[in-house]
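Following: one structure in structure tokens, then a few remarks.
The values are calculated or read from the model by the stated rules, or taken from the named source; none is laboratory data. Everything numeric here is computed off the predicted structure, so don't read it as measured data. Every residue, glycine among them, receives a Cβ derived from its backbone with ideal geometry; neighbour counts consider all protein chains shown. Note: areas computed on protein heavy atoms with side chains; ligands, DNA, RNA excluded. Shrake-Rupley method; radii C 1.70, N 1.55, O 1.52, S 1.80 Å.
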Amino acid sequence: MALPDLPRRSFLRTSLAGAAATSLSQTGAQTGRARPNILYIHSHDTGRYLQPYGHAVPAPNLQRLAEGGGIFRQAFNAAPTCSPSRASLLTGMCPHSNGMFGLAHRGFALRDYKQHILHTLRGAGYYSALIGLQHIAADPAAIGYDKVMSFPGNHVENVAPAAAEFLRASHTAPFFLDVGFFETHREFRQPGPKEDPRFSMPPAPIPDTPETRADIAAFKASARVMDEGVGVVLNALEAVGLAGNTLVISTTDHGIPFPAMKCNLTDHGMGVSLIMRGPGGFSGGKVNDAMVSHLDLFPTICDLANIEKPDRLQGTSLMPLVRGEAREIHEEIFAEVNYHAAYEPKRAVRTHRWKYIRHFDGRTRPNLPNCDDGPSKTYWLENGWRERTVDTEQLFDLVFDPNERRNAASDPQARAALTEMRGRLDRWMRATDDPLPRGPIEAPKGATANDPEGTSPNESPKVIR
């Protein structure tokens, strides 16, 4: 794997073989089939801007995974921010239910780390390992993995070989392997010959300029490196003969780190890649257009491994879709934002036809610290982004306005849709005991938050006392 623009570090100085082998036997499900291994491999800030989703961002290893497994074209997170998104996937609960209201490195945490899926899997005989990025705890030891390996920066060139070595070790129990890459978070890699800015196209919300072309070219370079890491891990899995009984889950946390994407409740922020391959029907290059959520992965794993699901789960198993027993499992998908760099409380509900977003902070201008710094953000700022208006309510017709640019909330012809979508959101907030209607959500003591009136997430934040 050629990675010329970051220095290579020694990825592993001790063998993982002893740590991976446990005294637990590979537990059989009631059918007699060995319980599947789970390989959860995730990137940072990638959205769906990848080759398998039709974008000009080459990702041949993810393409290979999709062609051998299945791809979900309408997959969404429960929160388009880093820690809340990951925490929701791993607990099967939305952020205001699991307590992850903000970023782990800024002082936010789960209410109960025992709600992490590894603890449910442990009860069924699984060994758990974390290699690389996790982003749901300031100290990964709080999560409870049997084995934790992290590296400075958690970049691909360290994480991928360590994960491959784990897979090559001897395993006497089914495993849950969590492999996290920093890529494609900013700062991006330097573009190589395959990422020529002259022939690159910025993402849909961003204008086509020399600055923004250079920005997306750098993103493409990071995506190339990320995909190379995926290839290292998949090759190891296949070389040791584990691919047939391993469910591979490849996804990301939220949209890419450009304006109007990451930390936004449009599909540019909520939409995520989700590619799965393994036993139980995740094969054959299937494409599924049903709306699905990160919340659905926990119950799916339980169903596949024949493990009783905790009552607290808020998602629905994907297995009826995979087995061809249902075309849809959701009429609606919900997502939320509370804290990112700054406080920005908002909620969204999506159906196949409509998206409804409601802001709860009373602001009428963009919350600029919640957008990562970069050339595309600079271009927007230079052209008056700070003075743009943000509507309290937003309604988008996803058939005629798939990029969610025309707010139809004040359109008389959309009044019935607005009423319906308001009702859907209100019912969900009541059913999940969302604290937001009772007033602003307080950050925990010691957490940090930026001033929403600021410009950059890198400005000095305020410590909550």
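Assorted remarks:
- Cα pair count fraction exceeding 42 Å, expressed as % - the chain: 11
- Short-range pairs are left out: with C-alpha atoms under 8 Å and at least six residues apart, the relative contact order of the range 149-308 is 19 percent.
- Ordering of 339-346, 443-450 by burial proxy (mean other Cβ atoms within 10 Å per residue, highest first): 339-346, 443-450
- Estimated inter-spin distance, Glu331 and His105, nm [label 7 Å along Cα→Cβ]: 4.2
- Shape class for the range 357-460: oblate, because the ratio a/c of the largest to smallest gyration tensor axis (alpha-carbon atoms, square roots of eigenvalues) is 1.5 or more and b/c is at least a/b.
- Average Cα contact separation per residue, the chain, under 8 Å, 6 or more apart, as relative contact order %: 20
- In this entry, the range 37-193 is assigned a mean projected area of 10.3 nm², taken as a quarter of its C-alpha convex hull surface.
- Histogram of C-alpha separations across the range 234-321, 10 Å bin width, %: 15, 39, 32, 13, 1
- For the range 375-427 and the range 231-272, distance of Cα centres in Å: 27
- Each label point was placed 7 Å from the Cα along the Cα-to-Cβ direction; for Glu382 and Thr419 their separation is 4.8 nm.
- Take 212-223, 385-396 and order them by the average number of nearby Cβ atoms within 10 Å per residue, most first; the result is 212-223, 385-396.
- Counting protein heavy atoms only, the range 135-284 has 54 percent of its accessible area on carbon and sulfur, 1.4 angstrom probe.
- Alpha-carbon spread of the range 93-158, three principal axes, descending order, Å: 35, 33, 16
- Protection proxy ranking, peptides 372-384, 108-120, 424-436, 39-51, average beta carbon neighbours within 10 Å, highest first: 39-51, 108-120, 372-384, 424-436
- At the listed q of 0.09, 0.13, 0.14, 0.15 Å⁻¹, the Debye profile of the range 121-257, built from one uniform point per Cα, gives log10 I(q)/I(0) equal to -0.34, -0.65, -0.73, -0.81.
- Asn403/Arg427 FRET efficiency (R0 45 Å; Cβ-Cβ; nearest 0.05): 0.95
- Counted over the chain, the DSSP beta bridges are approximately 50% antiparallel.
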